[in-house]
1. Is there a residue in the stretch 407-414 that is at pLDDT 90 or above and surrounded by fewer than 19 Cβ atoms within 10 Å (Cβ to Cβ)?
2. Which of the residues that make up the stretch 124-158 are surrounded by fewer than 22 Cβ atoms within 10 Å (Cβ to Cβ), under 23 Å from the mean Cα position of the chain (by Cα) and over 18 Å from residue 280 (Cβ atoms)?
3. Given the conditions (1) within 18 Å of the chain's Cα centre (by Cα); (2) over 29 Å from residue 180 (Cα atoms), and given that residue 297 satisfies all but one, which numbered condition is not satisfied?
4. Can you find a residue in the stretch 306-328 that is more than 24 Å from the chain's Cα centre (by Cα), within 23 Å of residue 198 (Cα to Cα) and surrounded by fewer than 20 Cβ atoms within 10 Å (Cβ to Cβ)?
5. When the stretch 425-438 is examined, which residues are found to be touching a helix residue (DSSP H, G or I) at 6+ places or on another chain (Cβ under 6 Å) and farther than 22 Å from residue 118 by Cβ?
6. State whether the residues of the stretch 460-483 include one that is in a loop (DSSP other than H, G, I, E, B) and either closer than 30 Å to residue 133 by Cβ or modelled with pLDDT of 90 or more (or both).
7. Quick one: is residue 482 closer than 19 Å to residue 305 by Cα and either touching a helix residue (DSSP H, G or I) at 6+ places or on another chain (Cβ under 7 Å) or buried (at least 19 other Cβ atoms within 10 Å of the Cβ) (or both)?
8. Condition (residue is surrounded by fewer than 17 Cβ atoms within 10 Å (Cβ to Cβ), assigned to a helix (DSSP H, G or I) and under 23 Å from the mean Cα position of the chain (by Cα)) applied to the stretch 222-243: is it met by at least one residue?
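The values are calculated or read from the model by the stated rules, or taken from the named source; none is laboratory data. All figures in this text were calculated on a predicted structure; none of them were measured in a lab. Heads up, the Cβs are rebuilt from the backbone with ideal geometry, glycines too, and the neighbour counts pull from every protein chain shown.
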């Protein structure tokens, strides 16, 4: 999830820019154990209402897209709003934009490492849902929400206490730090609300209800979108708050989102009492996902730092292509989240064979989609970069990275899908370890060698290629063993 809303997280690190051929059942050489069909038993109708025995559904393209498209809407809604917010604040001038950039960075680091509240909750709730234990599935959301409130309040207090020195260090003091501090002081009150919405997304996805989260997120962003220009510029008689008005609008929208997710939880009529044993299990899963997220952060912060050493044109080109990569990662993540939800439900229903069939089916569709995207970006190599810049130096550097980007898209189709499969199985420890290994053996060495030997931006993107290929090997091997497909309403302590 981004710093200021409740949508974009990313199964495979999309929010960090860390998104990742052959199909016909053996994607990238993976022969999924028992993968010979299209359906899965043990998955309910996705209404999120009532209880009863699981029923079979098809895992064909209609079912997968029915889950993926609303999820994609959730993932992209906030980035679209943030562009609007940026445009509104931009009319205040460069100082306000700089303050927003610094403040947004602080808030992002304070909240986005906790995506386990979405992804861990989805994995655990999906198993309960598949087992026919609707009360247990919703109870996972209750406990995740308690964690969100507690951790969010702690972050709010701690970061408020250190907000002044943090903004000063990042901005180097002066007027930019003062602008950022005024924004951060208000925006931090949204952190518990952001985390509540993460938890709400998690349990609702787990019971295969992806439309309500989209409605809730859009409702909150509409509120923010209406209030932002009114409060920033003092329209219709409102006070002109300038940059802090943006933060107030964001918090108002987050309050609406969190309120809707809480209302959905209360309507389920389950016990709202906190249970430490469940929260502790969620935190164990969360630990692995946090470490994995930090590995992504280390890689992409290092890449940006090294790119800056090669000059302004290289930084601009790197950022341009990276933002396109991030957008594609969100699109592919929507399929990965569908995989996570369906695989978790199948395993909860005791259907390991169906879960493996789902792994194959979702990977095939993700790979077909990614190959189509790669073809579009290959054809548009001469046109698409010019939509963003006409600087000849930046275009020259962009051309260097473009074909790395295009060639990685089909790799991403497989890696993202299998990330979703393994997360749905609760195999977070394996993903943590392999992501760390890929970072330490592939991405980070290439980045710093590029600096030492002056390989330029091509060296940085070679590191991303190494990172993604190592992850491809790791998740493909894991999928091929079938050992991840352990059944039961509870995620095994060791997958």
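1. Yes, that holds for at least one residue.
2. Across the stretch 124-158, the qualifying residues are 153, 155, 156.
3. (2)
4. no
5. The answer is 438, and nothing else.
6. yes
7. Here the answer is no, as residue 482 does not meet what is asked.
8. Yes, some residue in the stretch 222-243 is surrounded by fewer than 17 Cβ atoms within 10 Å (Cβ to Cβ), assigned to a helix (DSSP H, G or I) and under 23 Å from the mean Cα position of the chain (by Cα).
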